[in-house]
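What follows is a set of notes on a single structure, which appears directly below.
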Amino acid sequence: MERMLSGIKPTGRLHLGNYIGAIRNFVSYQDEYEMFIFIANEHAITVPIEAKELRQNTKDLIALYIACGLDPKKVTLFLQSDVVAHAQLGWVMTCLSYMGEMQRMTQYKDKTAKGETGVTAGLFTYPCLMAADILLYDPKYVPVGIDQKQHVELTRNLAERFNNRYSDTFTVPQPLVTKVGAKVYSLQNPTKKMSKSEENPKGTIDLLDDPAAARKKIMSAVTDSLGVIRYDQENQPGLANLLTIQSALTGEEIDSIVARYEGKGYGELKKEVGQTVFDFLTDLQAKYRHVIESGMIDEVLKEGAQKASYIANKKIAKVYRKIGFTVTK
Ligand code: AMP
Ligand code: TRP
């Protein structure tokens, strides 16, 4: 089985866009690949975050991933900070990369361009830590959102640089960017991505939203005044978004949904999508509560950390030997 790895930052709450664009794919990959999924808590502190919030986000994230269908028996699920080799290799990667490379990274560039103050040195160098996260495990593929592709490209460069400078040590990984069409937009501003940072809560459906409130958000989603139900991303983005959500959650093709709605109004479609979202959240949250109440998270994390550490420790030992840290036999 080919190996695949991805990390998720425990900042903010997960929303429907995360499920449809990312989590759903992880679940479908778990049977075909040897998967490693970790909670990137060392990345979460690149911006200020309260300990209480970080702890809660982390637990919610794990419980939600399991509730969404990730099976801890198939996937190695672990906390980044439980495996010390991430920080160790992170430093080696920081010293392998150049200031110029870091300055070209868009997240840092965007923040500084906006004149944001309080940008930490950690935020500047975090792509090096991300490279370490990946290279410790020699995955062939790294599924990420388009915004993270640049970091996987950097990881490839650093892997090649290390391999050339010392000797073959790391697998050069490939980014696997989520397919187009799986993007979910804000319900209130359908040309903008549904996101954690959206100011208007009516635009985003959180996976832990009250299902009835979520249904209301669908009912009040912004559409258009054309009055015809068809999939037209350009001219009817709000409608296209509702069709995407319905299709993603039920598996029915968009064409088939459109055909069923010939001659019908937006209100009826919204009712159906609202019900689909209601049912989806109700079921998901029941599973989420079960995971929390079962107390299984501790065990999952303990086992995950053991499996991940076994691989990561071997890799860091190899790196330490090659760079001259190890002086005994
Ligand atoms: P983020 O919430 O930006 O940390 O993203 C976590 C994962 O969810 C990434 O793989 C993103 O590509 C995916 N994702 C985030 N927002 C959306 C969205 N609105 N539609 C589809 N995928 C998304
Ligand atoms: N930087 C990623 C994000 O902000 C999270 C992440 C950290 C990650 N390490 C990773 C993703 C390694 C893939 C592989 O979403």
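The values are calculated or read from the model by the stated rules, or taken from the named source; none is laboratory data. On a predicted model such as this, the values are computed, not experimentally measured, just so you know. Note that we place each Cβ from the backbone using ideal geometry, even for glycine, and neighbour counts take in every protein chain shown.
Hey, could you check segment 203-215 for residues that are farther than 14 Å from L242 by Cβ and more than 20 Å from the chain's Cα centre (by Cα) and say which is farthest from ligand 1 (Cβ to nearest atom)? Give the derivation first.
Filtering segment 203-215 down to residues farther than 14 Å from L242 by Cβ leaves 204, 206-213.
Remaining after also requiring more than 20 Å from the chain's Cα centre (by Cα): 210-213.
Values: D210: 20, P211: 20, A212: 22, A213: 19 Å.
Looking at the filtered set, the residue picked out is A212.
Mind checking which helices (runs of 4 or more DSSP H) fall wholly inside segment 243-326 and carry at least 3 residues that are of a type in the set (A, V, I, L, M, F, W, C), farther than 23 Å from V222 by Cβ and in contact (Cβ under 8 Å) with a residue 24 or more places away in the chain? Steps first, answer last, please.
Working: elements: 254-260, 266-294, 296-323.
Once the helices (runs of 4 or more DSSP H) in segment 243-326 are filtered for at least 3 residues that are of a type in the set (A, V, I, L, M, F, W, C), farther than 23 Å from V222 by Cβ and in contact (Cβ under 8 Å) with a residue 24 or more places away in the chain, what remains is 266-294, 296-323.
If you check V327, V273, which single one turns out to be among the aliphatic types (A, V, I, L, M) and surrounded by 12 or more Cβ atoms within 10 Å (Cβ to Cβ)?
On the way: V327 fails: surrounded by 12 or more Cβ atoms within 10 Å (Cβ to Cβ).
Being among the aliphatic types (A, V, I, L, M) and surrounded by 12 or more Cβ atoms within 10 Å (Cβ to Cβ) holds for just one of V327, V273, which is V273.
Residue by residue, here is whether (1) away from ligand 1 (no atom under 16 Å from the Cβ); (2) basic (K, R); (3) within 22 Å of the chain's Cα centre (by Cα) holds:
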{"site": "G118", "(1), (2), (3)": "yes, no, no"}
{"site": "K140", "(1), (2), (3)": "yes, yes, yes"}
{"site": "H151", "(1), (2), (3)": "no, no, yes"}
{"site": "R156", "(1), (2), (3)": "yes, yes, yes"}
{"site": "A159", "(1), (2), (3)": "yes, no, no"}
{"site": "R165", "(1), (2), (3)": "yes, yes, no"}
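It is to be established whether one or more residues within segment 50-68 are touching a Cys at 6+ places or on another chain (Cβ under 8 Å) and either more than 25 Å from M194 (Cβ to Cβ) or surrounded by fewer than 22 Cβ atoms within 10 Å (Cβ to Cβ) (or both). Steps first, please.
Taking segment 50-68 as the starting set, the residues that turn out to be touching a Cys at 6+ places or on another chain (Cβ under 8 Å) are none.
No: zero hits.
Does L176 count as modelled with pLDDT under 95 and closer than 24 Å to A44 by Cα? Break it down into steps so the answer makes sense when it comes.
Details: modelled with pLDDT under 95: yes; closer than 24 Å to A44 by Cα: yes.
Judged against the criteria, L176 is a match.
Could you list, in sequence order, all residues of segment 229-270 that are exposed (fewer than 14 other Cβ atoms within 10 Å of the Cβ) and over 20 Å from S186 (Cβ atoms)? Steps first, answer last, please.
First pass over segment 229-270, keeping only residues exposed (fewer than 14 other Cβ atoms within 10 Å of the Cβ): 234-235, 251, 253, 255-256, 259-260, 262-265, 267-268.
Selection gives G251, E253, D255, S256, A259, R260, E262, G263, K264, G265, G267, E268.
Would you be able to tell me the number of residues in segment 69-95 that are surrounded by fewer than 18 Cβ atoms within 10 Å (Cβ to Cβ) and either aromatic (F, W, Y) or part of a loop (DSSP other than H, G, I, E, B) (or both)?
Of the residues in that region, 6 qualify.
Does Q107 satisfy being closer than 30 Å to R161 by Cβ, in the same structural domain as L154 (by TED's automatic domain parsing) and more than 14 Å from ligand 2 (Cβ to nearest atom)?
Working: closer than 30 Å to R161 by Cβ: yes; in the same structural domain as L154 (by TED's automatic domain parsing): yes; more than 14 Å from ligand 2 (Cβ to nearest atom): no.
No: the conditions fail for Q107.
Being among the β-branched types (V, I, T) and either more than 10 Å from ligand 2 (Cβ to nearest atom) or part of a loop (DSSP other than H, G, I, E, B) (or both) narrows it down to one of V119, V142, so name that one.
Details: V142 fails: either more than 10 Å from ligand 2 (Cβ to nearest atom) or part of a loop (DSSP other than H, G, I, E, B) (or both).
None of the others qualify; the one that does is V119.
When you scan segment 145-185, how many residues do you find that are among the basic types (K, R), more than 11 Å from ligand 2 (Cβ to nearest atom) and either surrounded by 15 or more Cβ atoms within 10 Å (Cβ to Cβ) or closer than 30 Å to D232 by Cβ (or both)? Lay out the reasoning, then the answer.
In the first step, residues of segment 145-185 are kept if they are among the basic types (K, R); the result is 149, 156, 161, 165, 179, 183.
Add one more test, that the residue is more than 11 Å from ligand 2 (Cβ to nearest atom), and what stays is 156, 161, 165, 179, 183.
Add one more test, that the residue is either surrounded by 15 or more Cβ atoms within 10 Å (Cβ to Cβ) or closer than 30 Å to D232 by Cβ (or both), and what stays is 156, 161, 179, 183.
Result for segment 145-185: 4.
Would you please name the residue that is nearest to ligand 1 (Cβ to nearest atom), looking only at residues in segment 5-29 that are surrounded by fewer than 19 Cβ atoms within 10 Å (Cβ to Cβ) and among the polar types (S, T, N, Q)?
Step by step, filter segment 5-29, then rank; the result is N25.
If F38 satisfies all but one of (1) more than 10 Å from ligand 2 (Cβ to nearest atom); (2) surrounded by 20 or more Cβ atoms within 10 Å (Cβ to Cβ), what's the number of the condition it fails?
(1)
Which of the residues belonging to segment 93-122 are in contact (Cβ under 8 Å) with a residue 60 or more places away in the chain and in contact with a helix residue (DSSP H, G or I) (Cβ under 6 Å, 6 or more places away or on another chain)?
Matches in segment 93-122: M93, L96, S97.
Can you pull out the residues in segment 186-202 that are outside any loop (DSSP other than H, G, I, E, B), within 21 Å of the chain's Cα centre (by Cα) and more than 16 Å from ligand 2 (Cβ to nearest atom)?
Within segment 186-202, P201 is the sole residue that qualifies.
For T46, indicate whether it is part of a loop (DSSP other than H, G, I, E, B), among the hydroxyl-bearing types (S, T, Y) and within 16 Å of ligand 1 (Cβ to nearest atom). First the steps, then the outcome.
Details: part of a loop (DSSP other than H, G, I, E, B): yes; among the hydroxyl-bearing types (S, T, Y): yes; within 16 Å of ligand 1 (Cβ to nearest atom): yes.
Judged against the criteria, T46 is a match.
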